Amino acid sequence: MRMNIRHERISVLGLGAMGRALASALLEAGREVMVWNRTPGKAGDLVARGAREASSVAEAIGAGGLTVVCLLDDASVRETLAPAAPKLAGATLVNLTSGSVRQARELTTWLDEHGARLLAGGIMAVPPTIGTEGAFILYSGARDLFDRAAPVLAPLGRPHWVGEDPGFAALYDMAALSGMYGMSAGADHALTLVQAEGGDVEAFKREVLQPWMEQMLPFMVPDVGVHEAVPDEFNPAMQATGLENILAASGEAGAPTELGGHLRASLWRMRSAIR
Ligand SMILES: NC(=O)c1ccc[n+]([C@@H]2O[C@H](COP(=O)([O-])OP(=O)(O)OC[C@H]3O[C@@H](n4cnc5c(N)ncnc54)[C@H](OP(=O)(O)O)[C@@H]3O)[C@@H](O)[C@H]2O)c1
């Protein structure tokens with residue numbers, strides 16, 4: 001028998017940078033918050049603001065509401081939950097720990113075997129932006145669970161459900177991060193290139209790179225599948241030549257040239273698709 005989620009009560013396992021931000025936003029929103037962290041001594045200011053500190057994971061999970069888990073990785077989640085396994089029946093967990101698709105699916109199965117339900121999550125925010133307008137959190141798992149949990153979790157960031165498959169929050173999270181790290185790697189490469197040729201890195205960053213990336217951002221996410229079609233105005237031959245120029249400039253400057261490798265393959269694929 002499943003317990004109803006008591007919307008006002010929520011436990012947070014993990015008081016790292018993100019867990020603390022989550023607990024803080026929930027307190028700010030007036031939730032009744034219980035916290036637990038492996039290493040003691042991190043709950044002081046949260047307790048001063050009204051949180052209760054659990055002496056064990058089982059106590060936090062047994063407190064009666066949702067349990068938000070935000071630990072380093074999947075291994076730490078498993079290590080933390082295993083001793084509490086006998087107390088999991090009827091619990092509802094929301095795992096906001098980053099991980100893989102398979103890990104989310106396997107955790108769901110493991111929890112199900114212990115009579116607990118999981119809403120898997122992916123945080124699209126950093127600690128200082130938790131609870132702010134731009135923050136959103138991906139969730140996947142049973143829709144009825146999401147519908148009941150979303151109002152409780154809303155103070156963390158806009159709840160966005162991405163499907164019944166528990167692995168999809170991780171899937172979209174990792175894919176979105178890949179896009180972000182790709183941009184970040186590109187920016188880092190750009191600065192390396194300018195520095196290697198003796199350019200003014202600060203001025204380049206402020207006056208060229210930043211406004212250029214802002215101008216181009218809407219074009220970086222194509223509105224068609226790259227393998228299906230290319231928009232009329234997109235000229236892959238010109239783009240491929242442009243990329244070769246960047247690689248040549250990088251080679252001359254002694255900056256890494258492997259960065260654009262996957263783009264090169266993708267542009268060649270597009271070129272042959274429209275021939
Ligand atoms: N920070 C961000 O910008 C950000 C953004 C999006 C998503 N996330 C995700 O949020 C999660 C937490 O990130 P964070 O920034 O809070 O990391 P963090 O500051 O390094 O905190 C890690 C937390 O995990 C706990 N932990 C580590 N190993 C453990 C174990 N074996 N057993 C029990 N607890 C363990 C730590 O407890 P101790 O205090 O005892 O070490 C701490 O509470 C990660 O999955 C991260 O990918 C973070």
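Taking the DSSP beta bridges with both ends in the chain, the antiparallel portion is around 20 percent. By DSSP, the beta bridges lying fully in the stretch 9-165 are antiparallel in about 20 percent of cases. Share of carbon and sulfur in the accessible area of the stretch 9-165 stands at 53%, probe radius 1.4 Å. Relative to the current alpha-carbon distance between Asp45 and Thr129, full extension at 0.36 nm per residue lengthens the span by 28.3 nm.
Computed over the alpha carbons of the stretch 117-255, Rg followed by Dmax gives 19.8, 58 Å. Our estimate of slack between Ala196 and Ala249, defined as 0.36 nm per intervening residue step minus the Cα-Cα distance, is 18.0 nm.
Residues considered: His114, His262, His189. Largest GNM mean-square fluctuation over the chain, using C-alpha springs under 10 Å, is found at His262. With the cut-off at under 18 Å, measuring from each backbone N in the stretch 110-127 to a point 7 Å along the Cα-to-Cβ line of Ala82 picks out 110-114.
Within the listed set Arg38, Arg206, Arg158, the residue fluctuating most in the Gaussian network model of the chain (springs between alpha-carbon atoms under 10 angstrom) is Arg206. If you sort the three axes of the alpha carbon gyration tensor as a ≥ b ≥ c, you get a/c of 1.5 or more for the stretch 1-75 and a/b no higher than b/c, which makes it oblate. In the elastic network of the chain, a GNM with C-alpha springs shorter than 10 Å, the most mobile of Gly121, Gly182, Gly131 is Gly182.
Relative to the longest principal Cα axis of the chain, at what angle does helix 210-220 sit, 0 to 90 degrees, rounded to 10? Taking the Cα atoms of the chain, the angle to 210-220 is about 80 degrees. Note on the chain: Kirkwood hydrodynamic radius from all Cα pairs is 21.2 Å, rounded to one decimal.
The values are calculated or read from the model by the stated rules, or taken from the named source; none is laboratory data. Not measured: the values here are computed from a predicted model. Every residue, glycine among them, receives a Cβ derived from its backbone with ideal geometry; neighbour counts consider all protein chains shown. Just so you know, the surface numbers come from the protein's heavy atoms only, side chains and all, with ligands and any DNA or RNA stripped out. Shrake-Rupley method; radii C 1.70, N 1.55, O 1.52, S 1.80 Å.
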